[in-house]
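Notes to accompany the following structure.
Nothing in this text is a laboratory measurement; each read-out follows from the coordinates by a stated rule. The structure presented is a predicted model; accordingly, all values stated were derived computationally and were not measured. No Cβ is skipped: glycine too gets one built from the backbone with ideal geometry, and neighbour counts run over all protein chains shown.
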Amino acid sequence: MPNCGKVNYKLNYKPGIVLCPRTKKMVWWEDVKEQIKMFESLPMEVKREQPYLQLSNDSEQPLPSEMIVGLIAPQVPEIPFLYEDKKWLKI
């Protein structure tokens, strides 16, 4: 994100605020800048292994939306589908 010109331009206006992608809470850019830069520098394989990126300092407790997925996921059958005429993916 800091490498994106449009975002970087907007964050130069003080105070900069960004939205935590997990908790949907507003956080100060100065408080999370190093965390975002560190995450941005990770290899893609490592990023994919991360369950989420959380910027706010809220507890690590599961969010309601995460808990409901855990409850219904076992009940959803694995349905294959064709994606861009190339791959079979499972839901």
Residue 17's amide H: which non-local residues (gap 5+, or another chain) put their own amide H closer than 5 Å, with H modeled 1.01 Å from N in plane and none for Pro or chain starts?
29
Report the full-extension gain for the segment residue 44 to residue 73: residue separation times 0.36 nm, less the Cα-Cα distance, to one decimal in nm.
7.9 nm
Phi-based couplings in Hz for the stretch 25-32 (Karplus 6.51, -1.76, 1.60; Gly and Pro marked x)
9, 7, 10, 6, 4, 4, 6, 10
About the Cα centre, and with charges only on the beta carbon of Lys, Arg (+1) and Asp, Glu (-1), how big is the dipole of the stretch 25-74? Nearest 20 debye, please.
140
If packing is taken as the average count of other Cβ atoms within 10 Å, what order do 24-33, 61-70 fall into, highest mean first?
24-33, 61-70
